[in-house]
Every structure is written in structure tokens, then in C-alpha cells.
1. Return yes or no: is Phe551 assigned by TED's automatic domain parsing to the domain that holds Leu350, under 18 Å from Phe458 (Cβ atoms), of a type outside the set (D, E, K, R) and part of a helix (DSSP H, G or I)?
2. Determine if the range 145-152 includes at least one residue that is of a type outside the set (Lys, Arg) and in contact with a Gly (Cβ under 9 Å, 6 or more places away or on another chain).
3. Taking Glu46, is it in a strand (DSSP E or B), in the same structural domain as Ile126 (by TED's automatic domain parsing), of a type in the set (Asp, Glu) and touching a strand residue (DSSP E or B) at 6+ places or on another chain (Cβ under 8 Å)?
4. Would you confirm whether any residue within the range 390-400 is assigned to a loop (DSSP other than H, G, I, E, B) and under 30 Å from Pro545 (Cβ atoms)?
5. Can you pull out every residue in the range 401-439 that is at pLDDT 95 or above, hydroxyl-bearing (Ser, Thr, Tyr) and not in a strand (DSSP E or B)?
6. Out of Asp136, Asp201, Asp183, Asp194, report the one residue that is out of contact with any strand residue (DSSP E or B) (no Cβ under 6 Å at 6 or more places or on another chain), over 30 Å from Arg248 (Cα atoms) and crowded, with 17+ Cβ neighbours inside 10 Å.
7. I need a count of the residues in the range 350-385 that are closer than 22 Å to Asn405 by Cβ and assigned to a helix (DSSP H, G or I).
8. I'd like to know if the range 454-474 contains one or more residues that are of a type in the set (S, T, N, Q) and over 21 Å from Leu364 (Cα atoms).
Amino acid sequence: MIDFEIARKEAFDGISETNTIIKTQKKIKSKYGYPKSEEIWEVIVEIPINDKIRDFRLLFELKPDFPLSIPEISLSEEDYETIKYIPHVDDKRNICLFDQENIKIDSNRPKYIAKACIERAKEIIINGLQKTNLIDFKDEIVAYWNNTYNVNEIGVAGGYLGEGVSELLPGKLIVYNLSPSYDKTNIFFGSDNDESKKILDFFKMHGHNLKKQQAFYLGIVSKIEPPFFFTNNSILSFIDNNFATYSREIKSYLNESLDSKILIFSLKVNEELVFFGFNIVGFKNTQNGWRKGSLSTVKIMSSIQGAAAIQRISFKYFSFKRIRKRTDGISPSFPLKIMVSGLGSIGSNLLFYLSCLEISDLLLVDPDILQLENINRHLLSFHEVGENKVDAIAKYMIFNNPFLNIEKYSLSVVDVIEKNLSSINNMDILFCAIGKDSIENYIIQCLASNKIEKPVIFLWVEPYMIGAHALYINPNTNFKLTDLELENYYKFNIISELTYKNPENNLLLKEAGCQSSYIPYGKESIARFFAAFLPDLFNLIKNRPVDNLAFTYFGDFDIALSCDLEISTFAKSHSPGQLIKQII
């Protein structure tokens with residue numbers, strides 16, 4: 001068991017063996033914004049600078065859970081002003097010691113942890129002063145671009161990039177201003193591809209107004225280093241120094257009007273383009289001492305308001321490929337096209353789990369409107385009550401993945417088969433979660449005749465989710481539901497045939513005044529079924545076996561006992577929570 005007080009003492013004593021160290025007073029804590037209760041140490045380290053040894057003062061902060069976490073170290077204001085700007089030290093004077101995701105901490109050696117952090121801080125300062133790690137600026141360029149360098153700065157605006165922008169050539173382009181901003185980001189620009197159009201549609205669906213604005217892409221810069229504080233005048237010098245070839249075209253763009261302008265450029269980092277920009281605010285067409293109409297944007301920027309600060313723009317990619325790589329660590333491979341017919345309790349929750357897969361296209365089919373009584377076990381919420389299920393589900397899926405292609409029909413699946421068969425056969429795999437024998441039989445007939453050319457997975461449940469079932473049926477196999485029936489009952493049912501035949505059993509419930517009955521089961525039961533089924537389900541989707549298969553899930557037998565429902569002979573040889581697979 002770790003004694004945190006003893007660990008802190010060991011760390012303090014360890015540092016004091018080689019460095020002057022004192023516990024800070026309230027006055028110092030207040031100066032640097034630390035809570036009074038926080039324990040902060042001032043550690044003096046010796047740093048060679050200009051052929052001399054100079055004392056630097058480090059502020060050493062231990063979190064309450066030290067040594068389970070590493071200390072945070074920052075420079076004093078005085079020392080930061082002396083050496084700024086060097087790699088791995090941000091504008092808050094914090095020294096980035098280690099990659100927090102990759103470091104392994106030996107919590108049994110608090111003294112070693114503390115001393116290792118001090119040595120790493122010294123190494124960063126020395127390398128920065130000797131300019132031996134300037135290449136690190138490039139690896140962390142976005143963080144430095146977003147730092148604050150001057151009290152007159154306007155702040156860094158956020159921008160999004162669509163896929164394909166790396167192919168852009170210098171010149172004019174269209175960007176979109178978002179109002180209100182999305183996640184503190186109010187600019188988007190992409191290429192003229194479907195993915196960029198989907199992102200714009202997503203913003204519109206999310207309630208953002210989009211306003212087009214002309215911008216200018218300057219091109220690729222070979223190197224930039226902090227400080228990144230720019231004025232109107234220094235922007236013009238930046239253009240002349242880095243983009244002289246296009247200087248005339250750039251300034252012509254600036255002089256088109258006195259309205260606001262956006263300049264964008266990029267830097268290659270690790271074989272990938274990173275984009276940055278400048279937001280130049282518009283100017284008034286009258287200035288003291290100047291005749292109306294005699295001024296241009298460049299003239300104002302170079303002389304009249306040359307010292308005014310320019311807002312920087314920090315761009316990040318908004319693309320499926322890059323978001324997937326950032327999370328999964330791999331680029332997208334072979335996206336799936338999936339149809340789901342029946343968007344009730346099972347079908348809607350199925351989509352929640354299917355969204356874990358790499359899906360490019362969804363075909364949604366359901367003729368119904370979401371009712372209040374559906375909500376307790378449905379994927380959607382009270383907010384969507386009264387909407388067509390296909391519209392509400394489509395919106396939910398787009399909000400979770402704006403890159404989806406969604407086709408939807410608020411119709412019976414039979415109508416869609418008859419009128420839009422090509423859309424169905426364009427999918428890779430089809431799901432039917434309708435639970436109506438007549439429609440399922442029709443779909444199976446379409447499979448047998450090869451009218452439907454892709455495999456179908458049928459899903460249905462038994463009352464109280466005492467059992468749940470899935471059939472995987474390939475096209476052109478002449479399968480019939482009657483092949484799996486005994487005396488008109490499914491032979492793999494969990495509830496016995498006699499129980500189904502007895503009208504006194506409460507297998508279907510009905511509300512007063514309601515014209516249709518419903519099968520009782522809860523959302524927890526749905527989650528338990530999918531938890532058991534998902535490994536096999538994902539394998540089915542990805543591998544699509546040639547055999548027709550039947551899956552049977554055995555639910556909570558205690559519910560059957562409490563409701564006086566008899567379990568079938570088939571089910572008695574299996575355990576609750578079990579899922580079995582059979583070739584049929």
C-alpha cells in the first residue's frame with residue numbers, strides 16, 4: 001500500500017541531495033495561480049548559457065496521487081522571458097516532460113521519479129538554448145501555433161478541413177463560415193467531393209447557417225518557427241518571403257475589396273500537410289486624411305494599420321479516414337452497405353451496435369411513426385416521438401457518422417422490394433426485424449427465387465425475451481420457414497408449444513383501447529441478447545458464410561418460472577445466457 005506522504009518526503013529528500021529546493025510560500029502560489037492547498041516546490045537547477053552557468057528556477061507541482069502520476073514542472077516567469085521560445089515549453093511556461101500515454105511509472109521509486117523529471121526538464125532547456133531540438137517545433141507545430149505570444153492577440157480561430165484539400169494548388173477557393181460555431185470552430189473548407197458535401201449537410205442538419213467566403217490558398221511553406229504573432233504589415237512580409245511566386249496574385253486578391261479575407265497555407269509534417277491560416281478583418285473605406293475610395297487593403301495593411309494584430313486560424317481535419325485512423329489506428333478498408341427493415345425495439349438497437357462497424361451506406365425501411373409507448377426500449381428518445389422512424393433514425397445515424405450515405409423509405413418492405421429492388425440488391429447484407437411471419441415468408445420467397453440477391457438476417461424475440469432468434473439465409477437456396485416448424489411452431493422456441501397454445505398465458509399484452517397487442521420485454525434484455533450475439537453477428541457480416549444458419553439465445557428462465565411459463569424440451573438442455581449456432 002502506497003503511503004502518499006512518505007512518497008512525497010522521499011521525493012523531496014531525493015531532489016535536495018543535488019539541488020536547492022524549498023517549499024513555496026502562499027505569496028508565490030498566488031502569483032502563479034496555484035491553489036493555497038497545493039504543494040509546490042521551487043527547485044534551482046544549473047543551466048549552461050553563453051559559456052556561463054546560470055541558475056534557473058523550476059516550479060515543481062506534485063498532484064495528490066503522486067507517485068501514481070508524474071509531477072508537472074514549469075519555468076518561473078523571469079526565466080521563461082529569458083529563453084522563450086524553445087521546443088516543449090508552452091505559453092503557460094509548462095515543460096512537456098514525457099508522452100503521458102506511453103510512460104510507465106514505477107510508483108515504488110518516488111525519489112527516482114522526481115529526479116528523472118528534473119533531469120528531463122534540464123535536458124529540454126539545454127537543448128532548446130543550444131538549438132539542437134528545433135526540429136521538434138515541427139512535430140508540435142499546431143500546439144505552438146495555438147499558443148499566445150502577445151497581449152494584443154485576438155485569439156486563434158478554429159477551422160475544419162475536408163478530405164482532398166492536400167491536392168489543392170495555390171489560388172482562390174471557397175470556404176464556409178459557420179454560425180453559430182461548431183465546437184468553437186467557425187470555418188470549413190474542403191474539396192468538391194461527396195464527403196465534403198456530407199459534412200456541409202451535417203452542419204445544416206445541426207442548425208448551423210453556412211455563408212460562403214472567398215479565400216486564397218498560398219501554398220506550402222518550407223519552415224515556420226515561433227513566435228507566431230502577426231500584424232497586418234508582417235503578414236505582407238510573410239507572403240513576400242515565403243510565396244514570392246504568387247505575391248502579385250495574393251495581393252490582387254486582397255485588393256479586390258476592403259471586406260474580410262482569409263489566407264491559408266500548409267506545412268509538411270511527417271509526410272502530411274498541416275494547414276494554418278490568417279483571418280484579416282475588413283477595413284472601413286474611409287480613413288482620416290485619405291480620400292474616400294483611394295485606399296486598398298494592401299495599402300491599409302502596409303501603412304495605416306500596419307501594427308494591428310492578425311487573427312491566426314488553426315485547422316484540423318474533419319474526414320472519415322483521418323478520424324478513423326486517429327481512433328482505430330488504421331485507415332478505412334472495405335466499408336459495408338447494410339439494409340435494416342423494421343426500426344422498432346430490435347431493429348433500432350441493432351443499428352446502435354452496427355454503428356461500431358465501418359459502414360458507408362445504410363438503407364432504412366419502416367412505415368411507422370415513433371409512438372410514446374415505444375420509447376422505453378427504443379434506441380431513440382422522447383424528443384423524436386411523432387416523427388417517422390426512418391427520418392428520426394437517419395438523423396440519429398448522421399449525427400453519429402456524418403459520412404454515411406443513407407437511403408430511407410417510410411414504406412412497407414414489400415413496397416420497397418417491388419418498387420426499389422435495385423437499392424436492396426446494392427447492399428451487402430440485409431436485416432429484417434419486423435417479426436411478422438407473412439412478410440418474412442415473402443422475403444424468403446424472394447431469396448429462393450434470387451429476386452433478392454443478398455443474404456438476409458431475420459431477427460425476432462419471444463415474450464419477456466425468454467428467447468431470441470436469428471436466421472441467416474442465403475439467396476437461391478430454396479429455404480422455407482416451414483422447414484424449421486413442428487406443428488406450425490418454430491422448433492427452436494424456448495417457450496414450449498403447449499404454453500403458446502394456452503390462451504390463459506399472458507404472452508401478449510394489450511393496453512385498454514389499443515387495437516394491437518405487443519410482446520413484453522425490456523431494454524436490459526435487448527442488451528443481454530446483443531451482448532451474446534454480437535461476436536457471431538460481426539463474423540456473419542464480414543465473412544458471409546455459404547451455409548444457412550440458425551442462432552438461438554436462451555434468456556432468463558427465472559422470468560419464465562415467475563410467469564408460470566413452461567420451457568420447451570429443446571431449451572431445457574441449455575443454460576440461460578447461452579447462444580447456440582446450427583447449420584440449417
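The values are calculated or read from the model by the stated rules, or taken from the named source; none is laboratory data. Remember, it's a predicted structure, so these values are computed and weren't measured experimentally. Cβ placement follows ideal geometry from the backbone for every residue including glycine, while neighbour counts extend to all protein chains displayed.
1. On the way: assigned by TED's automatic domain parsing to the domain that holds Leu350: yes; under 18 Å from Phe458 (Cβ atoms): yes; of a type outside the set (D, E, K, R): yes; part of a helix (DSSP H, G or I): no.
Against the criterion (assigned by TED's automatic domain parsing to the domain that holds Leu350, under 18 Å from Phe458 (Cβ atoms), of a type outside the set (D, E, K, R) and part of a helix (DSSP H, G or I)), Phe551 does not qualify.
2. Step one: filter the range 145-152 for residues of a type outside the set (Lys, Arg), giving 145-152.
Restricting the remaining residues to those that are in contact with a Gly (Cβ under 9 Å, 6 or more places away or on another chain) gives 148.
Yes, the range 145-152 contains a residue that is of a type outside the set (Lys, Arg) and in contact with a Gly (Cβ under 9 Å, 6 or more places away or on another chain).
3. Values: in a strand (DSSP E or B): yes; in the same structural domain as Ile126 (by TED's automatic domain parsing): yes; of a type in the set (Asp, Glu): yes; touching a strand residue (DSSP E or B) at 6+ places or on another chain (Cβ under 8 Å): yes.
Considered against the rule, which asks whether it is in a strand (DSSP E or B), in the same structural domain as Ile126 (by TED's automatic domain parsing), of a type in the set (Asp, Glu) and touching a strand residue (DSSP E or B) at 6+ places or on another chain (Cβ under 8 Å), Glu46 comes out as yes.
4. The initial filter retains those residues of the range 390-400 that are assigned to a loop (DSSP other than H, G, I, E, B), namely none.
Checking the range 390-400: not a single residue is assigned to a loop (DSSP other than H, G, I, E, B) and under 30 Å from Pro545 (Cβ atoms).
5. Passing the criteria: Ser410, Ser412, Ser422, Ser423.
6. Values: Asp201 fails: crowded, with 17+ Cβ neighbours inside 10 Å; Asp183 fails: crowded, with 17+ Cβ neighbours inside 10 Å; Asp194 fails: crowded, with 17+ Cβ neighbours inside 10 Å.
That would be Asp136, the only listed residue that is out of contact with any strand residue (DSSP E or B) (no Cβ under 6 Å at 6 or more places or on another chain), over 30 Å from Arg248 (Cα atoms) and crowded, with 17+ Cβ neighbours inside 10 Å.
7. Our first condition is that a residue be closer than 22 Å to Asn405 by Cβ; within the range 350-385, this holds for 350-367, 379-380, 384.
Imposing the further condition that a residue be assigned to a helix (DSSP H, G or I) reduces the set to 350-354, 384.
Total meeting the criteria: 6.
8. Within the range 454-474, not a single residue is of a type in the set (S, T, N, Q) and over 21 Å from Leu364 (Cα atoms).
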